[in-house]
Amino acid sequence: MSAEFIDIGSNLTHESFDADRAGVMSRARAAGVVHQVVTGATVASSRAALELARAHPDTLTATAGVHPHHAAGLDASSREDLRELLVDPRVVAVGECGLDYFRDLSPRPAQRRAFVAQLELAVESGKPVFLHQRDAHGDFLGILADYAASLSGGVAHCFTGGAPELEAYLALGLSVGITGWICDERRGSRVREVVAQIPADRLMIETDAPYLLPRDLSPKPASRRNEPAFLPHIAAVVAALRGVHVQEIAAVTTANARRFFGLKDS
Ligand SMILES: [Zn+2]
């Protein structure tokens, strides 16, 4: 049997896929990507992700949340919208949520409020959190520490940090999502050094498509658009850095994703 992969972070509702979404999905399937967890970043995109998951129940599920970039827009009524979305069994996580002090597209107090609100929704719904953190490690850990024990799980999506960040996340019980960031020898040097230290039962993989096209992909698509079909390439880089066969990375990360998100076997 050929290797099966699960992409835990695919922005499949992104407009760059509007013209050929069916083709993107069939290329992913042909590459062995048996399931995609479609990321929600606003109430509207979370709703769109759920609609897509409803239309493709065997291969897609969704998250529902508000990205820190959009945190300023999370008010009482959009919080209710998220709460309603989270009732659906096809919505398998809260997020993406967290803090982004690198781009600061929402004011930091609003980011912290939105993060807390979504952690509370995660506790209430019993669903895990899909976490985004950039240049906000201290505040992120401080907020998360209050909720970690009550959460049913959390994954640090697009982990790009080094040993101190990894140790702190593992201590809070988080899983770790690795993207094509790791395929960049310079920019990804910190995560490349520690990827072998992630316990096998905490490791998952994701493309974050259409973003983060793996730098060493060859040939590169002319569009520079990343696709879920490139997930096995990321898995191969992770496998090489951990000194194992890619089949083992596929088996381990797929089992972890099924358990973490409560997905049925395909
Ligand atoms: Zn993110």
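The values are calculated or read from the model by the stated rules, or taken from the named source; none is laboratory data. Since the structure is predicted, the reported quantities are computational estimates derived from the model, not experimental observations. No Cβ is skipped: glycine too gets one built from the backbone with ideal geometry, and neighbour counts run over all protein chains shown. Side chains included, ligands, DNA and RNA excluded: accessible areas come from the protein's heavy atoms. Shrake-Rupley method; radii C 1.70, N 1.55, O 1.52, S 1.80 Å.
Based on the mean of other Cβ atoms within 10 Å per residue, sort peptides 87-95, 172-180 so the most packed one is first.
172-180, 87-95
If you count only protein heavy atoms with a 1.4 Å probe, what accessible area per residue comes out for the stretch 59-198, rounded to a whole Å²? Present the calculation step by step, with values, prior to reporting the outcome.
Working: 5570 Å² over 140 residues.
Per residue, the stretch 59-198 has 40 Å² of solvent-accessible surface.
Percent relative contact order of the chain, based on C-alpha pairs within less than 8 angstrom and at least six residues apart?
Details: 545 pairs, mean separation 52.6, N = 266.
It rounds to 20 percent for the chain.
Mind checking which of 141, 114, 92 is farthest towards the positive end of the stretch 90-154's charge dipole, using Cβ charges of +1 (Lys, Arg) and -1 (Asp, Glu) about the Cα centre?
Most positive-ward Cα: 92.
Summarise the accessible area of the chain (1.4 Å probe, protein heavy atoms) by the percent that is carbon and sulfur. Working shown, then result.
Values: 5720 of 11210 Å².
Within the chain, the accessible surface is 51 percent carbon and sulfur.
What GluC sites (Glu not before Pro) in the stretch 144-210 are in a loop by DSSP, with at most 14 other Cβ atoms within 10 Å of the Cβ?
Details: sites: 165, 167, 185, 193, 206; in loops: 185, 206.
Hits after loop and neighbour filter: 185.
Whole number please: convex hull volume per residue, Cα atoms of the stretch 33-158, in Å³. Each step should come with its number before you reach the end.
Values: hull volume 12.0 nm³, N = 126.
It is 95 Å³ per residue.
Calculate, in nm to one decimal, what residue 75 and residue 185 gain on full extension: separation in residues at 0.36 nm each, minus their alpha carbon distance.
Net length gain for the segment: 35.5 nm.
What is the distance, in nm, between label points placed 7 Å from the Cα along the Cα-to-Cβ direction at residue 120 and at residue 170?
3.4
What is the dipole size for the chain, taken about its Cα centre, with +1 at each Lys and Arg Cβ and -1 at each Asp and Glu Cβ, in debye to the nearest 20? Let's see the in-between values first.
Working: 27 positive and 32 negative charges, 75 e Å.
So the magnitude is around 360 debye.
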